[in-house]
Amino acid sequence: MSKKHKKSKQKGEAKEEQLVAESKPRLKNKEYEKELRKLHVELVKLQQWVVHEGLKVCVVFEGRDGAGKGGTIKAITERVSPRIFRVLALPAPSDREKTQMYIQRYLPHLPAAGEVVIWDRSWYNRAGVERVMGFCSEDLVQKFLKAAPLVEKAMVDSGIILIKYWLEVDQDEQTRRMEGRITDGRKLWKLSPMDLESYKRWYDYSRARDEMIAATDSEHAPWHVAKSNDKKRVRLNIITHLLGQIPYKSLPHKKVKLPPRQKPGDYMEPDYPLKYVPEKF
C-alpha cells in the first residue's frame with residue numbers, strides 16, 4: 001500500500017469515527033458516575049505505582065477556550081493526592097522571566113520521581129495564545145516550533161513520560177459554553193476579555209493549532225486529539241487513554257482494620273462557649 005493511499009485511508013477512518021462519535025447521545029449522569037468511579041480506582045492504583053517505581057509523568061492539556069480542559073483535569077485529580085498529582089497553570093511571565101530563555105520558567109516545575117505534573121496550558125502558549133494575540137513575534141514562534149521537539153526529546157530521554165492532549169470542540173458547542181459563562185454567576189470568572197478575543201479569532205487559532213501540531217507531533221511526544229463536545233465522554237475517554245499510556249500494576253496492600261479507641265479516662269468535655277456555625281441548612 002502506498003503512503004498516499006495509506007494516509008487517505010487513515011483520514012477516511014478518522015472521519016468515520018468522528019461521525020459515529022457525534023451521533024452518540026450525551027452520556028447520562030448515572031452512567032458517567034459509574035464509569036468514572038471505576039476509573040478513579042485505577043487512577044489510585046496508578047498513583048501508588050508511580051510512587052513505588054519513582055516514575056516521572058508529565059501530562060499537557062491544550063485546546064481552545066471552552067474545550068473542557070479544566071473539567072477533565074478535575075475529573076483526573078479529584079480522588080488522588082495533590083502532593084503526587086500536581087496541577088500547574090502558570091500566570092503571565094514576570095519582567096524577569098520575559099528576559100529568560102522561553103522554556104526556562106517551565107523547567108523547574110517538571111516532575112521529579114514519584115510525581116505526576118498536569119499542565120493546564122503549557123509552554124505551547126507560545127504557539128497558541130501568544131502567537132494569535134500578537135504577544136510575540138513570528139520569528140520567536142518559528143524558533144519555538146523548531147526547539148520544542150528537541151526540548152521534549154531531552155525530557156523523554158531523562159526518563160519523563162510525556163503525554164500531550166489537544167481537546168477539540170466545535171464552533172456551536174464553544175458558543176453554547178461561552179454563553180453559559182455569561183449567564184451563570186459561578187462561571188463569570190472564566191470569561192475574560194482574552195476569552196472573548198480568542199472566541200472571535202476562531203480561524204486564527206485553527207491555523208495556529210494546525211501548524212503547532214504538524215511541527216511538534218513527534219514519535220517521542222505525539223499529540224493525542226480528543227473530541228470534547230460531550231464533556232462527560234471526553235473525560236472518560238482521556239482518563240482511559242491516560243491509564244493505557246503508563247504501564248502499571250496493582251500493588252498488594254494489607255487489609256486495614258480500625259483499631260479500638262482509647263477510653264476517655266479523666267477527659268471531660270469543655271464548658272467553653274464555642275462559637276458554632278449557624279445551621280441554616
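Of the residues in the stretch 172-183, none is surrounded by fewer than 12 Cβ atoms within 10 Å (Cβ to Cβ) and assigned to a loop (DSSP other than H, G, I, E, B). When each of Arg126, Arg121, Arg131 is tested for being farther than 26 Å from Ile239 by Cβ and under 18 Å from the mean Cα position of the chain (by Cα), the lone residue that passes is Arg126. Does the stretch 137-148 contain at least one residue that is modelled with pLDDT of 95 or more, under 17 Å from Phe61 (Cβ atoms) and surrounded by 14 or more Cβ atoms within 10 Å (Cβ to Cβ)? So far as the stretch 137-148 goes, yes, one or more of its residues are modelled with pLDDT of 95 or more, under 17 Å from Phe61 (Cβ atoms) and surrounded by 14 or more Cβ atoms within 10 Å (Cβ to Cβ).
Being touching a residue at least 60 places away in the same chain (Cβ under 8 Å), farther than 17 Å from Ile76 by Cβ and aliphatic (A, V, I, L, M) is true of Leu251.
Can you find even one residue in the stretch 253-272 that is in a loop (DSSP other than H, G, I, E, B) and surrounded by 13 or more Cβ atoms within 10 Å (Cβ to Cβ)? No, every residue in the stretch 253-272 fails to be in a loop (DSSP other than H, G, I, E, B) and surrounded by 13 or more Cβ atoms within 10 Å (Cβ to Cβ).
Restricting to the stretch 22-66, name every residue that is at pLDDT below 95, surrounded by 15 or more Cβ atoms within 10 Å (Cβ to Cβ) and either assigned to a helix (DSSP H, G or I) or in contact with a Ser or Thr (Cβ under 6 Å, 6 or more places away or on another chain) (or both). Hit for the stretch 22-66 is Asp65, nothing else. Has the stretch 73-87 got any residue that is over 14 Å from Leu162 (Cα atoms), without any contact (Cβ under 8 Å) to a residue 24 or more places away in the chain and under 15 Å from the mean Cα position of the chain (by Cα)? The answer is yes; a qualifying residue exists. Taken over the stretch 32-72, the residue count meeting the criterion of being polar (S, T, N, Q) and either in contact with a Leu (Cβ under 9 Å, 6 or more places away or on another chain) or farther than 22 Å from Lys164 by Cβ (or both) is 2.
The values are calculated or read from the model by the stated rules, or taken from the named source; none is laboratory data. Keep in mind the model is a prediction, meaning the values are calculated, not measured. Virtual Cβ from ideal backbone geometry, glycine too; neighbours counted across all protein chains shown.
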